[in-house]
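Here is the structure we will look at, set down as structure tokens.
The values are calculated or read from the model by the stated rules, or taken from the named source; none is laboratory data. It should be emphasised that the depicted structure is a prediction, and the values quoted were computed from it without experimental measurement. Neighbour counts run over all protein chains shown; Cβ positions are idealised from the backbone, glycine included. Ligands, DNA and RNA are excluded from the accessible area calculation, which covers all protein heavy atoms including side chains. Shrake-Rupley method; radii C 1.70, N 1.55, O 1.52, S 1.80 Å.
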Amino acid sequence: MTDADTTIILLRHGRTEWNQLGKLQGACDSPLLPESLNSARASGARLRASRYGSKVTAVYTSPIPRASRTAGLVVEGLGRPGLAPRPRDGLRERSFGGWEGKSWGQIEREAPDELAAYQRDREWVIPGGGESSAGAGRRFVGAMTAIAAAHAGETVVVVTHSNAMSQFMTAMLRIEPGVDRA
């Protein structure tokens with residue numbers, strides 16, 4: 001690493017009620033499970049004890065409450081109350097439109113043709129206000145690129161969503177994206 005390298009620590013929001021029920025959340029929100037609150041604080045404490053803890057200069061988060069709440073708890077565990085999480089719209093989860101609140105099995109039964117289009121075409125937009133996988137990926141990679149550029153040579157924490165993290169890792173590793181079933 002050179003002095004200009006940015007270290008980004010990616011964390012996923014805590015597990016939610018909808019995660020437990022197998023429902024797609026996307027842009028909707030669902031409360032964090034009680035054990036997720038302790039887990040987020042513990043993640044911050046583990047980070048504090050690591051070689052990176054004292055180096056963290058910023059914490060960014062998706063504006064969706066499950067992520068921003070997790071980020072606040074990570075900061076609490078990190079022991080850095082002055083390090084307020086910074087919400088960034090580009091870090092929000094992909095919108096699954098009319099599919100939000102449904103399970104994959106329910107979508108498969110109710111909309112098999114739409115699910116097939118979703119699985120074969122990364123530019124296909126989910127009906128009901130959803131986003132394409134490729135469009136969400138471009139948004140997220142753009143947000144991460146801007147964060148890295150703004151913090152050259154620093155260590156930052158980003159609290160976001162599994163689909164967003166997959167999009168970023170796919171782009172960074174330059175691998176051919178497959179079907180995402182966040």
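For region 12-32: of the residues being under 26 Å from Thr170 (Cα atoms) and in contact with a helix residue (DSSP H, G or I) (Cβ under 6 Å, 6 or more places away or on another chain), which is most open to solvent (accessible area, probe 1.4 Å)?
Ranking the candidates gives Arg15 first.
Please enumerate the residues belonging to region 100-141 that are within 30 Å of Ile9 (Cβ to Cβ), part of a helix (DSSP H, G or I) and open to solvent by less than 30 Å² (accessible area, probe 1.4 Å).
Hits for region 100-141 are Ser133, Ala134, Gly135, Ala136, Gly137, Phe140.
Any residue at all in region 86-97 that is modelled with pLDDT of 95 or more, in contact with a Gly (Cβ under 8 Å, 6 or more places away or on another chain) and more than 20 Å from Arg12 (Cβ to Cβ)?
yes
A quick yes/no check of all residues on (1) small (Gly, Ala, Ser); (2) under 27 Å from Asp5 (Cβ atoms); (3) open to solvent by 10 Å² or more (accessible area, probe 1.4 Å):
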residue: Pro34; (1), (2), (3): no, no, yes
residue: Ala40; (1), (2), (3): yes, yes, no
residue: Gly44; (1), (2), (3): yes, yes, no
residue: Ala49; (1), (2), (3): yes, yes, yes
residue: Val56; (1), (2), (3): no, yes, no
residue: Val59; (1), (2), (3): no, yes, no
residue: Ser62; (1), (2), (3): yes, yes, no
residue: Arg66; (1), (2), (3): no, no, no
residue: Val74; (1), (2), (3): no, yes, no
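Looking at region 148-162, which of its residues are hydrophobic (A, V, I, L, M, F, W, C), open to solvent by 10 Å² or more (accessible area, probe 1.4 Å) and within 24 Å of Ser50 (Cβ to Cβ)? Walk me through how you get there before you give the answer.
Within region 148-162, the subset hydrophobic (A, V, I, L, M, F, W, C) is 148-150, 152, 156-159.
Add one more test, that the residue is open to solvent by 10 Å² or more (accessible area, probe 1.4 Å), and what stays is 148-150, 152.
Selection gives Ala148, Ala150, Ala152.
Does Glu93 fit the bill of being open to solvent by 40 Å² or more (accessible area, probe 1.4 Å) and acidic (Asp, Glu)? Before you say what the answer is, go through the steps one by one.
Values: open to solvent by 40 Å² or more (accessible area, probe 1.4 Å): no; acidic (Asp, Glu): yes.
When the stated conditions are applied, Glu93 does not pass them.
Return the residues of region 1-11 that are in contact with a Ser or Thr (Cβ under 9 Å, 6 or more places away or on another chain) and open to solvent by less than 70 Å² (accessible area, probe 1.4 Å); say none if nothing qualifies. Talk me through it step by step, then tell me what you get.
Step one: list which residues in region 1-11 are in contact with a Ser or Thr (Cβ under 9 Å, 6 or more places away or on another chain), which gives 1, 6-11.
Selection gives Thr6, Thr7, Ile8, Ile9, Leu10, Leu11.
How do the pairs read when you match residues in region 114-138 that are at positive phi and at pLDDT 90 or above with residues anywhere that are among the hydroxyl-bearing types (Ser, Thr, Tyr) and surrounded by 16 or more Cβ atoms within 10 Å (Cβ to Cβ), using Cβ under 8 Å and keeping only pairs 6 or more apart or on different chains?
Cβ pairs passing all conditions: Gly129/Ser95.
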